[in-house]
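Only one structure is covered here, and it is reproduced in the block below.
The values are calculated or read from the model by the stated rules, or taken from the named source; none is laboratory data. Since the structure is predicted, the reported quantities are computational estimates derived from the model, not experimental observations. Cβ coordinates were reconstructed from backbone atoms using ideal geometry, including for glycine residues, and neighbour counts include every protein chain displayed. These accessible areas exclude ligands, DNA and RNA; they are computed on the full protein's heavy atoms, side chains included. Shrake-Rupley method; radii C 1.70, N 1.55, O 1.52, S 1.80 Å.
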Amino acid sequence: MMNRTDLLGMTTEELKAFAVELGEKPFRGKQLFKWISRGVRDFNMMTDFSLRFRSSLCECARVGSMEIIKTQVDKSDGTMKFLFGLEDGNAVEGVFMKYKYGNSMCISSQVGCRMGCAFCASGLDGLIRNLTAGEMLDQILLAEEAAGSPINHLVIMGTGEPFDNYDNLSRFLRIIHDENGRNLSFRNITVSTSGIVPAIEKFGAEFPQVNLAISLHRLTDEGRSMLMPVNRAYPLEQLLKAAGEHARITGRRVTFEYALIKGENDSDEDVNLIIRKLRGIMCHVNLIPLNAVKETGFDSSGRKRAAEIAKTLENNGIACTVRRELGAGIDGACGQLRLKTGAKNG
């Protein structure tokens, strides 16, 4: 098993070359890419291949190595949280969510996270390793099979900082968008970052149609640096300038994620700072009543206060919504993803 080539995460061109190595025509690699993108793992099910080609694939190749260790379902809204076991004994989580516009999947990009945000459970144990493009894709394929329903929207907002794993992220985005496979529209994909400015600039140039979300949470350097250490490297002025430039170049508004933490960033003064700092940037503010993580010691401002803040922002010309709470009952909501099993995690 270990010495067989894992085809999940390979591009169309790479699979064409692989097919040629096995004595087939290049177009067989294109067909192989299509089968894999549909979630087919058994080569014997790929019925448009010859018996010889299928036999060769069974001998020297495989499709993915992840498995679902645990599934939790929030009966109130149908949200499903999956614990995915990786081949090396580590594990990551992903969340399948149902909306009126379709099904969305929140996937992880790393095992753990090194950003150290004070309110988030995902980085409590630090960074273990990056996920490969194939491991990102496998979260989607496994979730679709378990849910019995297709995923047509994607957020890369689970465990990890996607821009800290930029090469694997960009490979994954190109694979998921490839018209020969999933053909998922870039406009249906959102990538969330804590604010790594050079990567924001690169991302805007390479993936202008993919939606960008930035975790903001405070509008002073002192306050944001306490919550988010990344701010010490890329302070607010630099970050907001990059966000404004991203919106200008791509023509797409930036989403600013703002987790409302009681007594930390929910005062009238904080709201006025949001209005003053974000005015002039083509953006949308996504207010998130903080989801409880006992280790952080932070409390939520509550949905009532969130609604008050949203109204104030809207009245001052800042587009705003309060995030619908999905999966909080299974620790599947924003900031709650972490491992709660005996799976190895470092």
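One table, with the values for the structure above:
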| quantity | calculated |
| --- | --- |
| Of Val155, Gln139, Ile128, farthest towards positive along the dipole that unit charges on Lys, Arg, Asp, Glu beta carbons give the stretch 109-194 | Val155 |
| Amide H contacts under 5 Å for Phe256, placed H, 5+ residues apart | Ile214, His284, Val285, Asn286 |
| Counting DSSP beta bridges with both ends in the chain, the antiparallel % (nearest 5) | 45 percent |
| Separation in nanometres of the label points that stand 7 Å from Cα toward Cβ, at Tyr101 and Arg305 | 2.9 nm |
| Sequence-separation-based contact order of the chain, relative, with Cα cut under 8 Å and 6+ spacing, percent | 16 percent |
| Among Pro229, Pro208, Pro198, residue whose mean-square fluctuation peaks in a GNM of the chain (springs only between Cα atoms under 10 Å) | Pro198 |
| Gaussian network model of the chain, Cα within-10 Å springs - most flexible of Gly302, Gly64, Gly123 | Gly302 |
| Over the stretch 15-86, relative contact order from alpha-carbon pairs under 8 Å, at least 6 apart, % | 19 percent |
| In sequence order, calculated HN-Hα J values of the stretch 60-66 (Karplus, 6.51, -1.76, 1.60; Hz; x Gly/Pro) | 10, 9, 8, 10, x, 9, 7 |
| Highest-fluctuation residue, Ile275, Ile107, Ile175 considered, GNM on the chain with Cα pairs under 10 Å | Ile275 |
| Charge dipole (the chain, unit charges on Cβ, about Cα centre) - positive-most of Ile200, Gln31, Leu15 | Gln31 |
| Accessible surface, per residue, of the stretch 90-167 when the full set of protein chains is kept, probe 1.4 Å, Å² | 32 Å² |
| Out-of-range pairs (alpha-carbon distance over 18 Å; input Lys241/Lys277; Lys202/Lys241; Lys277/Lys304; Lys34/Lys81) | Lys277/Lys304; Lys34/Lys81 |
